[in-house]
Structures are given as C-alpha cells and as structure tokens.
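The values are calculated or read from the model by the stated rules, or taken from the named source; none is laboratory data. The structure presented is a predicted model; accordingly, all values stated were derived computationally and were not measured. As a convention, Cβ positions derive from the backbone with ideal geometry for all residues, glycine included, and neighbour counts pool all protein chains shown. For the accessible areas, the whole protein counts, side chains as well, though only heavy atoms, and no ligand, DNA or RNA atoms are used. Shrake-Rupley method; radii C 1.70, N 1.55, O 1.52, S 1.80 Å.
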Amino acid sequence: MRLYKNSILKFSVIVFTIAMFSCKEEQKATSENNSETKISQAHPKLILTAQGVKDIRAQLGSIPIFDETLAKVKDEIDAEIEKAIDVPIPKDYSGGYTHVTHKRNWFVLQKAGLLYQILDDEKYAKYVKDMLMQYEALYKTLPLHPKTRSYARGKLFWQCLNDSNWLVYVSQAYDCIYNYLTEEERNKLETNLFRPFADHISVDSPQFYQRVHNHSTWGNAAVGMIGLVMDDNELIDRALYGIKNLKLDATKKDDDGGFLNKDGKAGFLANIEEPFSPDGYYNEGPYYQRYAMYPFLVFATGLYNVKPELKIFEYKEGVLLKSINALLNLSDADGEFFPLNDGQKGMSYYNGALVTAVDVSYHYGEQDSGLLSIAKEQNQVLLDDSGLAVALGIKNDKAQPFNKTSINLSDGPDGTQGGVGILRNEDLELVFKYAAQGSSHGHYDKLSYSLYERGEEVLQDYGLSRFVNIEQKGGGNYLKENKTWAKQTIAHNTVIQNETSHFNGKYEIGSQHHSDLHYFSSENKNVQVVSAKEVNAYPGTEILRTMAVIKDEDFEKPYLLDIMKITSNTANQYDFPYYYFGQILETNFEYNTPATLKPLGSKNGYQHLFVEGLGNPKEENSKFSWMNHRKFYTLTTVTNNKDELLFTRIGANDPEFNLRRDPAFLLRRKDSKNTTFISLIEPHGSYSPISESAVNSKSSVKTIKVILDSKDYTTVEITHLNGNRKLFITSNTNASKEAKHNLKIDDKNYEWSGSYYFE
C-alpha cells in the first residue's frame, strides 16, 4: 500500500511536469519548418500513439494496474541503465551469453522507449539512442552468425528468426525516440542498421522469409514495422505481400522439415489467410499460435494506426481478433495451453504475448468484459493505448469471468481440414485432435486425445522434445528425440498399426491429409460427444473414434467413454496406449515384470519404450487403477483372451536422458482385421495425507459391454455397481442432427433423432 501511495505521489508530480513540458513543446513546434512539424506529429504511431501518450499521461496515478506495471518496468529499466551497455559480438546458440544478452537488449530498448514517451524523461531516450548507435557500429561489421546449424542464419543471432524478434521490438523503440533524434542520426541508423537488417532477413534470406510459417510471420512483421516507422512503402509492401518476382526451389526443406515457398504464397497477409481457420485455430497448434500472436498483433496494430485504409482487423472476417478467443479456449483450468504438436508444457496465458493478445483484443475488438478478468489474473497491462483501455475497464469494475465451455475449432484456411474438439464438464476437460498435419511442427497422431482434471493431466500428450533456451541441451533447440519419439504416433493416445506411425511418419504424405469431423454435440451439458474419422493414416484402414464426456447421476464425477472402431482390408497388429501419470494401485489381471528391461521395438518411437510388465486379460473387462495428485482413476476396457497388456516407460535408447521417464499402459491386439476398442476412464475419489483417509478409491463400474457393433451403429452398455445400466448408441454413418433412427436391440426398439442416444 505504501508503494502504491508513493507511486501516486510520484506520478502526480510527473503529470504536472508533463503539462508544463507540453506547453513548451507546442511553442517549439510552431517555430519549426513545416516538414519537421509533420514528422513531430507522426511519432509515436505504431503501438503506442501520440494520442495514446496524451491519454496515458492524463490518467497516471489513477489507474492501479497500469501504474503498477509502469512502476515495475521503470525499476527494471533504471537498473539496466545503471549497468554499462553490452552489445557483444555474436557467437552463441540459444541460451548462450551473447544470445541472451541481445535478447535482453531488445526488451530493454522497447521498454525504455515507452518510458521516454510516458514519463518524458530524456535519460531513457538517450539510453535507447546510445545502444542503437552501438548496434549500428557493430552490425555493419558482422558476417553471418558463426553457428551454422540454421537453414537461415542471422547476424546478431544464429537464426533469422531471432534477428526478426529483435527488429520487431526495436522498431517500437525507434518509433518512440524518432523525434528525439536528429535527422542525421536517423539517416545513420536507417542506412547502416535498419535497412540492411530488414534486407538480410528478407531479400538475403528468402528461404526464411518467403513462405507460410510462424518464422516468416516474425520476418514479415519485422520488415513491415520498421518500414512503418521509416515511412518506407517498399518495405511495407514487402512485408504484406512477400518479395516480388522471386523464385525458390519448392522441393528444398528447412531444418524443421517444412517446404519453402509452398504454392508461392508469402507475406503477412498470406500468413493470415493460410494458417488460421475461420474459427481462429492456428494450424501449428496453440504453443506456436501463442508465439506467432505477438508479431501478428503488433504489426496489425501498427497497420491499424498508420494505414487504417487496410482495415487489417477486418481481414478474413476479423480472424486475428477471433483467434485470440480460440487460443484462450485452448488452455486448461490453470491457463496452460494444451500441448498439441510441438508444444512445451507449462506455456500459458501469463506469457507476455498473451498480455498483448488480451489487451489488443479488448481495445480493438468488442471490449469483451471476460478478457478483463484474464488481464486481472495476468496482473499487468501493456504500456500503450490498449493497456490503458484495459486498465480503465478494470478500474471501472467491468470485468466478468471468462467462461471456457465446450468448443469445436475447425482447422484449415476454409475450415474443412479437420479440427480440435474440446469437451468440458465440471472439472473434466477432453482435448480431441482430428486436425491437419500442423505444418512442420505437426505430429503424426490422428484422432489422439489428452484428458485433464482441474488443470492436471490425467492422460497426457507428450508435447515436444526440447529444452527451450537451455544451452546445455542441444543449444536450446529441438533434440533428435523430437523426431524419433515426440512426433511418432506411439507417443500419443491413439491407435498404432503394425508398429508404424501414421503416414509412415512422412511429412510429405501427412501434410496432404486430414481427419474429418463425424459429429460434434455439446448442447446437452450432461452428454457431450465428439466423433471423427481418419482414412489416410494407414492405406486400406478406416478409423472412426467417438468420445463422450458423460455426467451420470450414479457416478461421483463425469467420465470419458471412448469408442475406437477400426475397419481394415487386412489383418494387423493394433497398439493402443494410455499415457497416465501417478502410481499403479490395482489391476484385475496378472502380469510379469522382467528382470532386465528391453525396448518394445526398434523404430518409429518403439525403440524409446521400455517394457516393465506384460500380462493377459482374465475377464471381458480389464481394469487398471492408479492415483495421481491425490485423486483416483480407473480405466475399464473391453478385452479378449488373446490381447496383451503391457506396462511401458519412456527412456530406452536415450543415453543423454533427453526424454522424460513417463509411464504408459498399452493394450495390444494382434491378427485383427476389423476391431473396436471400447474404454471408460473414470475419475473418482480423493486422498488426504493429513487425515490419511481415502474416499471413494474404487471404481464404480461393474462392467462395460459391446451390445451391438455394426457398420451403422455401435452400442455400449455401462453397468454401475448398484446394478443401474445405461446405454450409449453412436451412429457410425448417418450422424446428422436431423437424422431419425430406429434400432432394435434384444427385442427392444430404440428411437431417437440426432447423432447419438444415451439413456
């Protein structure tokens, strides 16, 4: 409280000082020539605008979340100014000293520029100018970065991607001190630093710049933003539409496996058109959408402010702002993004890019009051026009809860390339992926899923194999295990045929195909269902997966019913893993544990799985119970006496310990042509280590049975321990909401309309 009162006093003094200074500036402006007056009125204009500066200064000391953010940033930058400016000669990968230093510098420069505008303290402008002049002196001497791993080497950093990061932020700093600099100083920076910098990441590096990918989005934004500051229309056009009259080898791959210049599409607008579906889903997944949202939104904001005639926030029916809502819905109860494709776990909407997303969406969108509640959780705002709008909304008590509900997000530029379905019921969240490949960051995991309870993983998606920005692990870059394990199908909760990944693990094949939605139904809050079909992962094999989150009054919590129907032209071996967390409690089958651990297979990810136990079913239902985070879970699955039940653990053939040692339970069915896997995953009970008591630690499922499994229908009977029985019927063919069904089972007629029946 004392800090806040001191801040109010300090800001009050600042406001008075600014008012006096403004009068002097107006008098000064009238004495300058017309061209210089025009320049003076033009900056800042990108993210923080001249009008925004006036509005912020008028509110300082009365907008708590903005004032507190400003105070923290001021303390941070004041501490940096006390140090000597450090602009080292580049030599390191991600996580190394020079990489980290230049990365810190881009943040410091941007923040110092904002402080100069808001507080009108010349020391910040001088600091930005002095550092930029050091970069000008360094950059014109630099060859390509000495590290040669990247497909597109930068100069300050080992890859053009990080060079683009630098320019996106530094262009904002330059905009903020533009009027502070003399014309000679601006010419020096633009001629020797900014224009060559923009040319290198675009014209000199077309394999990086001239394509549709999150890397290119950063490059487009970097070139475009510095072009907006410099009033350079050639750079702005290059950013929006790509490099004109450029030919590339479209068969050449980058280091992520993605093709360059695919279909000749490039530039910022192409990067909006192609990766985003009409629902706002980004095809690389939420982890990379989060990463790409910053350049998307800051460049779009700059275009909105400088070139309003483009109507950028209306482009493709407003998909940029729509995508923010989609991204927020792709997070769990704790705000952490679901790790689809190459996603690092733990990334959340507390990341700085999402502060930008929330503030920009609120200010330039429809001022959704639900966004204000997330901004309050983030406990910071941008120090610009949009941050002021959010701060005022919070101050005026406009915040409402941001309610995440069940949602189906289509994939593909026109929404016809599969998608992601999220079912939410009480504390349970199902994430069902039936999307397209996801560009070079995609995994081979059609019809896979993960399951959460209160933000904690019940059944996990592994995510990526990378220690981001940790130099000791491969320079902070993707490890070889990302391809040999994380991208392979066996690393996911889906079916694997003949120990071979979907599409044989080939990007060229996988990128041509996608799964198709069969139906999605969330109208009934007690029974929510998503169903999708995959026909290309294994030629000659059709996979239809139907997943239902059901709230049944006989059960303590909602449960997940999983129906995986496989129809094939040939007999195959099918593996069906469940990547659980926690301690095994109980099984209803016997198993042997080997004295020596051996890998499950030799390739396609199987070489990374140790076999820790092997058993066979004793009953028509195999049950496996475990405990995690003091909660209990039971898997009940329909099996036959020829099935094999395996306990496995990740970590084989991993001498450098790059992989987590996570467990899995695996159901194997051999020599089967057409088969259906039926499973029920039941959260139940809790354990208190304080009272040392377990509540409802045992499953309430007596049996699950397949009553009917035909081309048109699959019927599952769920029997509770109390004897109550429920029937779930899914339509495997005609699943429209208007369809009428009449089915006779055991001399009883069942009639319903729609995709499924439950009673």
Taking max minus min of the Cα coordinates of the chain on each principal axis, largest first, gives extents in Å of 96, 54, 52
Note, S679: beta-carbon cut-off 15 Å, +1 each Lys/Arg, -1 each Asp/Glu, net -2
Between A50 and V468, Cβ-based FRET efficiency (R0 51 Å, step 0.05) works out to 0.85
Using the Kirkwood formula on alpha carbons, the hydrodynamic radius of the stretch 48-203 in angstrom works out to 16.4 Å
Expected field for S205, accessible surface area in Å² at 1.4 Å probe radius, rounded to 10, holds 0 Å²
With 0.36 nm assigned to each residue of separation and the Cα-Cα distance removed, E185 to L614 gains 147.2 nm
With +1 at each Lys and Arg Cβ and -1 at each Asp and Glu Cβ, the charge dipole magnitude of the chain around its Cα centre, to the nearest 20 debye, comes out at 1020 debye
Residue span V706 to Y687: 0.36 nm per residue of separation minus Cα-Cα distance leaves a gain in nm of 3.6 nm
With Cα coordinates, the longest principal axis of the chain makes an angle with the long axis of helix 352-364, in degrees rounded to 10, of 80 degrees
Ordering W752, W485 by the accessible surface of their heavy atoms, 1.4 Å probe, largest first, yields W752, W485
Here the net charge surrounding P617, from other residues whose Cβ is less than 12 Å away from its Cβ (Lys, Arg +1; Asp, Glu -1), is 0
Per residue, the convex hull enclosing the alpha carbons of the stretch 692-757 has a volume in Å³ of 111 Å³
Simple spin-label estimate for D427/N674, 7 Å along Cα→Cβ, in nm, reads 4.2 nm
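For the stretch 266-400, what class follows from the C-alpha gyration tensor (a ≥ b ≥ c being the square roots of its eigenvalues): rounded when a/c is under 1.5, otherwise prolate if a/b is larger than b/c, else oblate? The partial results should precede the final answer.
Details: a/c = 1.86, a/b = 1.06, b/c = 1.75.
Judged from the Cα gyration tensor, the stretch 266-400 comes out oblate (a/c at least 1.5, b/c at or above a/b).
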To the nearest 10 degrees, the tilt of helix 122-139 (Cα long axis) against the first principal axis of the alpha carbons of the chain is 80 degrees
In terms of the charge dipole of the chain, which places +1 on Lys and Arg and -1 on Asp and Glu at the beta carbon, the residue among V549, Y315, G227 farthest towards the positive end is V549
Eigenvalues of the alpha-carbon gyration tensor of the stretch 609-759, times 5 and square-rooted, give semi-axes in Å, largest first, of 34, 22, 15
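From the protein chains alone at 1.4 Å, what is the descending order of accessible area for S691, S216, largest first?
Greatest to least solvent exposure: S691, S216.
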Protection proxy (average C-beta count within 10 Å per residue), highest first, orders 666-674, 594-602 as 666-674, 594-602
Expressed in angstrom, Rg and Dmax over the Cα atoms of the stretch 484-603 are 17.5, 52
Which of K631/K711; K557/K623; K376/K737 exceed 28 Å between C-alpha atoms? The answer is K631/K711; K376/K737
From highest to lowest solvent-accessible area (probe 1.4 Å; ligands, DNA and RNA excluded), R660, R454, R149, R186 read R454, R149, R660, R186
The relative contact order of the chain, taking Cα pairs under 8 Å that sit 6 or more residues apart, comes to a percentage of 8 percent
Excluding ligands, DNA and RNA, the carbon-plus-sulfur percentage of the accessible area of the chain with a 1.4 Å probe reads 48 percent
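Order of 330-338, 218-226 by packing, highest average Cβ count within 10 Å first?
Going from most to least packed, we get 218-226, 330-338.
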Counting only protein heavy atoms and leaving out ligands, DNA and RNA, the solvent-accessible surface of T593 at a 1.4 Å probe, in Å² to the nearest 10, equals 100 Å²
Computed on Cα atoms, the radius of gyration and Dmax of the stretch 560-661 in angstrom are 15.0, 45
In Å², rounded to a whole number, the accessible area per residue of the chain with probe 1.4 Å is 40 Å²
The orientation-averaged projected area of the Cα convex hull of the stretch 167-225, in nm², is 3.9 nm²
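Note down the net charge around L303, summing +1 for each Lys or Arg and -1 for each Asp or Glu among other residues with Cβ under 13 Å from its Cβ.
Combined, the nearby Lys, Arg, Asp and Glu give 0.
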